[in-house]
Amino acid sequence: KNHTQKKKKKKMEKRELEKDEKPGDDLVSDQGRNAGALFCRVCGCTILSAGVGTYVCSEIFLHYDKQSAQSKAAACIAADKANNTTNEDTKGVVDTVMEGVSGQTFHHFWQVQKMFDFENIAFCRSLQPDKRYLTCADCETQIVGINYLPASEKNPNTFFVSANKVAYKKPQLPQEVIEQQEKQQAMLVQSFLAQQQQQQQQQQQ
């Protein structure tokens with residue numbers, strides 16, 4: 001029993017918080033926009049082109065990665081079942097418990113007005129109907145921001161990308177990652193060509 005408790009305690013130990021700093025002056029243009037492109041820290045995919053995001057300060061809790069966001073969802077469901085409560089009652093408590101374990105509160109963001117302003121972005125839904133998390137469309141590994149819903153005049157459908165959860169220079173990827181990306185691209189090309197060939201055969205028939 002003691003061994004189990006120690007194991008559980010070790011699992012819930014807080015990880016070192018990620019930096020939460022205002023982007024340097026060289027990263028913010030005179031108009032308050034991102035001076036350069038924003039890249040995924042994991043796979044190097046371009047998330048946002050230069051000059052699209054506006055620097056803003058806000059207080060937003062973000063998970064470190066997609067897996068931890070799913071863990072939070074499971075924790076919310078368990079809390080609701082145990083206490084016979086709704087998700088709105090437990091979401092603040094769960095955020096507090098998860099702080100430093102699977103995520104943290106960030107304060108510096110690039111605000112983007114429209115989904116189509118992104119170069120590459122994907123969504124990871126939360127349990128709350130009023131928000132969804134943003135993640136890289138290529139690797140879908142880390143949570144990079146948040147999108148509040150629904151859109152209205154008082155609550156515009158804006159997107160917030162954490163200034164500290166993206167890279168400002170395209171990262172140098174390990175050779176195995178590059179090879180994996182090339183393999184995936186080759187598979188997509190083969191799949192596309194196979195579909196075209198199948199369509200041509202159907203038309204000939």
Residues with amide H under 5 Å from that of Gly53, placed H, sequence gap 5 or more | Asn34
Sorted by chain and then number, the residues having a modelled amide H within less than 5 Å of the amide H of Val144, at least 5 places away or on another chain, are Leu134, Thr135, Cys136
Please list the non-local residues whose amide H lies under 5 Å from the amide H of Ile121, H modeled 1.01 Å from N, same-chain partners needing a gap of 5 or more.
-> Ala137
For each of His108, His63, count neighbouring Cβ atoms within 10 Å of the residue's Cβ, then give the residues from fewest to most.
-> His108, His63
With x for Gly and Pro, the residue-by-residue ³J(HN,Hα) of region 44-59, computed from phi through the Karplus equation 6.51 cos²θ - 1.76 cosθ + 1.60 at θ = phi - 60° and given in whole Hz, is x, 5, 6, 8, 8, 6, 5, x, 9, x, 10, 6, 9, 9, 7, 10
Of the cross-linked pairs Lys19/Lys183; Lys131/Lys170; Lys19/Lys114; Lys22/Lys169, which ones have a Cα-Cα span greater than 24 Å in the structure shown?
-> Lys19/Lys183; Lys131/Lys170; Lys19/Lys114
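Bear in mind these aren't lab numbers, they're just calculated from the coordinates by the rules spelled out. None of these values were measured; they are calculated from a predicted model. Virtual Cβ from ideal backbone geometry, glycine too; neighbours counted across all protein chains shown.
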